[in-house]
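The values are calculated or read from the model by the stated rules, or taken from the named source; none is laboratory data. In this text the structure is predicted, and so the values were computed from the model without any measurement. Positions of Cβ are generated from backbone atoms using ideal geometry, with glycine treated the same way; all protein chains shown enter the neighbour counts.
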Protein chains: 2
Amino acid sequence: VPDAEIIAVGSELLTHERVDTNSLFVTEQLNVLGVEVRRKVVIGDDRARLAAAIRDALSNAEIVVLSGGLGPTEDDLTRDAVAAALGRNLIFSDEILAWIEQRFRLFQRKMADVNRRQAFLVEGAEILPNPRGTAPGQWIDLHGHVVMLLPGPPGELKPLFVNECVPRLTRHLPPQVIRTRFFRVAGMGESDLDALIAPVYTRVANPVTTILAGMGDIQVHLRARAGTAEEAETLLEAVAPEIETLLGDRIYSRNGDLLETVIGQLLRERGATLSVAESVTGGMLAQRITSIAGSSDYFVGGFLTYSNRMKTELLGVAAELIEAHTAVSEEVARAMAEGARARTGSDYALAATGEAGPESATGAPVGTVFLGIATPAGVEARKIGSPGERQRVRSLSTQLALDLLRRRLIAQR
Amino acid sequence: VPDAEIIAVGSELLTHERVDTNSLFVTEQLNVLGVEVRRKVVIGDDRARLAAAIRDALSNAEIVVLSGGLGPTEDDLTRDAVAAALGRNLIFSDEILAWIEQRFRLFQRKMADVNRRQAFLVEGAEILPNPRGTAPGQWIDLHGHVVMLLPGPPGELKPLFVNECVPRLTRHLPPQVIRTRFFRVAGMGESDLDALIAPVYTRVANPVTTILAGMGDIQVHLRARAGTAEEAETLLEAVAPEIETLLGDRIYSRNGDLLETVIGQLLRERGATLSVAESVTGGMLAQRITSIAGSSDYFVGGFLTYSNRMKTELLGVAAELIEAHTAVSEEVARAMAEGARARTGSDYALAATGEAGPESATGAPVGTVFLGIATPAGVEARKIGSPGERQRVRSLSTQLALDLLRRRLIAQR
């Protein structure tokens, strides 16, 4: 299997504010094809340095992916540098020009002369159509090596890579079949999860198991390689079902969907509605729920109650209850959820109250959070302890609140 | 002035989940010294490739910064690779060993044999003390070139770079003084801003002006270099005040503070409180406000009204008003802000209603957003058009709502 090197082009990527993220996407896509990335380079708009980097990459790796530097200005040097590195000419392509002109007509804008620069093709390169931008990608097959020139904007690069590069790479790579299983798991720490499933996945080297941990969110990837699809599936079947059983209902997605997407689907299937009452999470819960297109179908709204008075006035939490238990308590979390459900008329309501820090207002240790949930079947609360600083406490609380809702939705199927 | 190249070492940095962030910090520090980063490389734990990359870097740049690969395991190859690239030996340092042993004693742990690997020094290297970790940094002066070996954990690299590398680099660099000005600007597009201030900053090459654009948020950096502080200040004074005047009250920060931090300070100074009524922003506004520690001093809470019914029931927006103007209207934005202010008793209230897409519920084009603000002086609304997809509309609306509040707070000083 060949190796790959990724070169990101653009002086703006050498500032302290910008980081090359295209390479993460390309790496993920290449890994799925069984190709490893051996080196990543970020380089400025400098023709000589760029040409040298391309030659260097070709001596290290069979697959060289370039992103950026395909724009219309004089700073956009990737085409020139690739031609120089390969000792080839740049050919003016009437086909690309016609396509660019058509695009400008479509947007009723006049094409500037500089855009003609984008119509140059490295001799022998294949055009990779880029319906989202003016610069097409280019694919150069060097018989043993491949060089790809891709546009820098992620919104152009990603679909182009998936639609044009992946199929070509698949033909280019030695025949092998890759089959994968993917589990997204909420509400579990990385070390606990690893202790649970390591006895299974360490039995075999193929499939390879990768565990990626986020904030209260873990991804388990299994990747089996074989000569045929049947063999790959057999390899997966030797461990995947066992891992799936061990993880059980902690798995919330098998296709990469986010937790907020899964919740939206569950609510939609049940024709149920949701509201929130947020204190410690300060809007983060609603923000995640409403980040999903169409969420207005099931999310009605809710309350941000950042003071005791607001908990009482907006949610009807009894002042005596807060007095007796403090605002960071199981009792108040339950009352907040009940209040949100009653006042919005939603079927489900989530509430979160806690101490995000850096200081504690109630005396409860920073990181103490109570989640409340009100459902057609009743109301309950759950205490969580989230170590770490303010943003971490808020993020983890949000994630666990969404997972609590998911579990209740599944239980009340 | 010499150039720099940064090499981040570690196979984990070649996965699709991890990105090298040390280089951003090092770039910022180097830029302040007047040094430009010409290339960044990420490379795995592979001795031959790493040694080749180091040789290559030395042929391109005078300053080579390596991060990572200084740990105690066999995968930690930076020391070996540098020695190989320079044709030098690795020398066992009793001084480093004694230091590591002492550190283990301090933490009452037994030093493992593998940690002896961390006591090897490239021949001729100076030790850079690393009080936060076991691996010291190394500084190699090649008379004309400098190679630095720095630990990978950011918590170790950053103080080590500031305390040990910056002073050495300063001695190494031609004497120069750098003075900067910094403006953060909200509520303006990048091209409009550039058109406004380019006539000023293009008059001079020193200071260098850099414009970094985010979502409704632009940073303008001016950096002047001279032999003395007075000269550098004089250079800045030739353009900075003029730029500052042109940008006027669009500047919200001169020290890097976020917009939500600035708003918190303004509210605090006035002893004023804030609430929100969010529809299109779905919690994002509250989430940004409450991301600031201590925000409970001025943020009381608010309402998430994701349906017409909730706008009426929770905020008291008249159903007839929504019927007459749709929920995405100036009238409803004003009524939402008034409702939030009245029902929470806050001094100020922000409201946002609009179409985030992908579909429009009211017929208003996707990206149409009305911001409402209620203050002790009255209520008003502002229409914004935010092209782009859902997250962009939400983010830009949030930013412009915060900026609207900032302007009203300043006006009502």
Quick one: which residue in A:ALA4, A:ALA53 is free of Cβ contacts under 8 Å to residues at least 60 places away in the same chain and either within 14 Å of chain B (Cβ to nearest Cβ) or over 24 Å from the mean Cα position of the chain (by Cα) (or both)?
-> A:ALA53
Going through the stretch A:380-395 in order, the residues found to be more than 13 Å from A:VAL366 (Cα to Cα), surrounded by 19 or more Cβ atoms within 10 Å (Cβ to Cβ) and either at pLDDT 95 or above or more than 14 Å from chain B (Cβ to nearest Cβ) (or both) are A:ALA381
Set A:VAL26, A:VAL41: member being within 12 Å of chain B (Cβ to nearest Cβ), part of a strand (DSSP E or B) and of a type in the set (A, V, I, L, M, F, W, C) = A:VAL41
Could you check B:ALA349 against (1) modelled with pLDDT under 95; (2) under 14 Å from B:ALA286 (Cα atoms) and say which number it fails?
-> (1)
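From the list B:SER93, B:SER59, pick out the single residue that is more than 27 Å from B:PRO131 (Cβ to Cβ) and either among the small types (Gly, Ala, Ser) or in contact with a Gly (Cβ under 7 Å, 6 or more places away or on another chain) (or both).
B:SER59
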Contact list, first residue from the stretch A:268-289 and more than 10 Å from chain B (Cβ to nearest Cβ) and at pLDDT 95 or above, second anywhere and surrounded by fewer than 24 Cβ atoms within 10 Å (Cβ to Cβ) and outside any loop (DSSP other than H, G, I, E, B), beta-carbon distance below 7 Å, six or more apart or interchain, is A:ARG268/A:ASP297; A:ARG270/A:LEU409
The stretch A:250-267 - residue that is part of a loop (DSSP other than H, G, I, E, B) and within 14 Å of another protein chain (Cβ to nearest Cβ) and, of those, surrounded by the fewest Cβ atoms within 10 Å (Cβ to Cβ) = A:GLY256
Qualifying positions in the stretch A:11-22 - out of contact with any Leu (no Cβ under 9 Å at 6 or more places or on another chain) and at pLDDT 90 or above = A:LEU13, A:LEU14, A:THR21
Only listed residue being more than 29 Å from the chain's Cα centre (by Cα), more than 11 Å from chain A (Cβ to nearest Cβ) and surrounded by fewer than 18 Cβ atoms within 10 Å (Cβ to Cβ), chosen from B:ALA374, B:ALA342 = B:ALA342
Here are some residues: A:PHE183, A:PHE161. Which one is aromatic (Phe, Trp, Tyr), surrounded by 20 or more Cβ atoms within 10 Å (Cβ to Cβ), at pLDDT 90 or above and under 30 Å from A:LEU246 (Cα atoms)?
-> A:PHE183
Test B:LEU193 against the stated conditions and say whether it is closer than 18 Å to B:ALA240 by Cβ, aliphatic (A, V, I, L, M) and assigned to a helix (DSSP H, G or I).
-> yes
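Which residues, taken from the stretch B:290-322, are in a helix (DSSP H, G or I), surrounded by 20 or more Cβ atoms within 10 Å (Cβ to Cβ) and more than 7 Å from chain A (Cβ to nearest Cβ)?
If the condition is that a residue be in a helix (DSSP H, G or I), surrounded by 20 or more Cβ atoms within 10 Å (Cβ to Cβ) and more than 7 Å from chain A (Cβ to nearest Cβ), then B:SER295, B:LYS311, B:LEU315, B:ILE322 are the ones that fit.
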Among the numbered criteria (1) hydroxyl-bearing (Ser, Thr, Tyr); (2) surrounded by fewer than 24 Cβ atoms within 10 Å (Cβ to Cβ); (3) closer than 18 Å to B:ALA286 by Cβ, which single criterion is violated by A:THR326?
-> (3)
Of the residues B:GLY363, B:GLY357, B:GLY339, which single one is assigned to a helix (DSSP H, G or I) and more than 28 Å from B:ARG184 (Cα to Cα)?
-> B:GLY339
Every listed condition ((1) more than 9 Å from chain B (Cβ to nearest Cβ); (2) in contact with a Leu (Cβ under 8 Å, 6 or more places away or on another chain); (3) hydroxyl-bearing (Ser, Thr, Tyr)) holds for A:THR234 save (2)
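For every residue, the table says whether it meets (1) more than 11 Å from chain B (Cβ to nearest Cβ); (2) out of contact with any Pro (no Cβ under 8 Å at 6 or more places or on another chain).
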position: A:GLU12; (1), (2): no, yes
position: A:THR21; (1), (2): no, no
position: A:LEU77; (1), (2): yes, yes
position: A:ALA85; (1), (2): yes, yes
Only residues that are within 13 Å of B:ALA327 (Cα to Cα) and in contact with a helix residue (DSSP H, G or I) (Cβ under 7 Å, 6 or more places away or on another chain): list them for the stretch B:362-372, please.
-> B:VAL369, B:PHE370, B:LEU371, B:GLY372
Among A:GLN118, A:GLN108, A:GLN102, which is loosely packed, with under 12 Cβ neighbours inside 10 Å, on the phi < 0 side of the Ramachandran plot and out of contact with any strand residue (DSSP E or B) (no Cβ under 6 Å at 6 or more places or on another chain)?
-> A:GLN102
Output for the stretch B:323-336, where each listed residue is in contact with a helix residue (DSSP H, G or I) (Cβ under 7 Å, 6 or more places away or on another chain), in a helix (DSSP H, G or I) and of a type outside the set (D, E, K, R) | B:HIS325, B:VAL332, B:ALA335, B:MET336
